[in-house]
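Where a number appears in this text, it was derived from the coordinates with a stated rule and is not lab data. These numbers were taken from a predicted model, which means no experiment stands behind them. Cβ atoms come from the backbone with ideal geometry, glycine included; neighbour counts cover every protein chain shown.
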Amino acid sequence: MASYKKYCPNVFIAQCEEEHKKGDIITIETKYGKENEHIIHNFLYNKNEYYYYSITRVDGFDSRERAKRKVEKLSSYALSHESKSNDLLEASQEGKEFLSLGEPIHVGHSSEKRHRALLARNQNRMEKAVEEEKKAIEYENKAEYWRSLENKIDLSMPKSIDFFKFQLEKAEKFHKGLKDGTIKRTHEYELTYAKKKCNELNKKYTLAIKLWG
């Protein structure tokens, strides 16, 4: 059975013992034993009797779908902890009417033990409520990060060819404008940075064509 091999950031390719052609459907097993069906796209190289191909999931699952599922899971965790925090806050109001009277603890009285226990319970609930709220915020912050990736296009997608082509053309136009003076430079290193961006996008565009062209 084929296995996954990391090719570059965000891109996993198929490592196969047999040769395949474009359009073939193969099954790849994850390290956790789950099997996924993939469509073969391009042959990339062979090494040590293995053949390597670019692939996409038959079910359409990609990095954007992964981000969406991450958001759903993390948001669910955040809501769960937020709910627990609210429940604990409500529980910490036990004996509110009595405590609002500001009655001091009557040392030596039969009520002393109950009074102290009530204050301790409410304090403990309040502290736990704060902890749950912190966890809710932490999960929501993580969900926000993955939410920012829901519409991101990367090299794991065939549509990245058109995307990086457009980005490269835009970057080259900007670089040309800076170089010939039709676009005013805002700082002395802007031309250098613009050229660097062109080089990076050209590399990604070339890689996208190799993977999906």
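Descriptive notes on the structure:
- Taken over segment 101-153, the residue count meeting the criterion of being more than 26 Å from SER83 (Cβ to Cβ) and part of a loop (DSSP other than H, G, I, E, B) is 15.
- Candidate set from segment 175-184 (those that are assigned to a helix (DSSP H, G or I) and out of contact with any helix residue (DSSP H, G or I) (no Cβ under 6 Å at 6 or more places or on another chain)); member that is farthest from GLU200 (Cα to Cα): ASP180
- A count restricted to segment 178-198 and to residues that are surrounded by 13 or more Cβ atoms within 10 Å (Cβ to Cβ) and either touching a Lys or Arg at 6+ places or on another chain (Cβ under 9 Å) or within 30 Å of TYR52 (Cβ to Cβ) (or both) stands at 9.
Okay, residues lined up against (1) hydroxyl-bearing (Ser, Thr, Tyr); (2) in contact (Cβ under 8 Å) with a residue 12 or more places away in the chain; (3) surrounded by fewer than 16 Cβ atoms within 10 Å (Cβ to Cβ); (4) more than 15 Å from ASP59 (Cβ to Cβ):
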{"site": "SER3", "(1), (2), (3), (4)": "yes, yes, yes, yes"}
{"site": "TYR7", "(1), (2), (3), (4)": "yes, yes, no, yes"}
{"site": "GLN15", "(1), (2), (3), (4)": "no, yes, no, yes"}
{"site": "LYS21", "(1), (2), (3), (4)": "no, yes, yes, yes"}
{"site": "ILE25", "(1), (2), (3), (4)": "no, yes, yes, no"}
{"site": "ILE28", "(1), (2), (3), (4)": "no, yes, no, no"}
{"site": "GLU37", "(1), (2), (3), (4)": "no, yes, yes, no"}
{"site": "HIS41", "(1), (2), (3), (4)": "no, yes, no, yes"}
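- Taking segment 120-159 as the range and being within 17 Å of SER75 (Cβ to Cβ) and of a type in the set (A, V, I, L, M, F, W, C) as the test, the residues that pass are ALA136, ILE137, ALA143, TRP146, LEU149.
- Verdict on GLU82 being closer than 30 Å to ARG147 by Cα, part of a helix (DSSP H, G or I) and in contact (Cβ under 8 Å) with a residue 40 or more places away in the chain: yes
- Pair list, Cβ under 6 Å, 6 or more apart: segment 183-203 residue within 18 Å of LYS165 (Cβ to Cβ), other residue among the aliphatic types (A, V, I, L, M): ALA194/LEU178; LYS197/ALA171; CYS198/ALA171; LEU201/LEU168; LEU201/ALA171; ASN202/LEU168
- Per the listing GLU103, GLU94, GLU90, the residue uniquely over 25 Å from the mean Cα position of the chain (by Cα) and touching a residue at least 24 places away in the same chain (Cβ under 8 Å) is GLU94.
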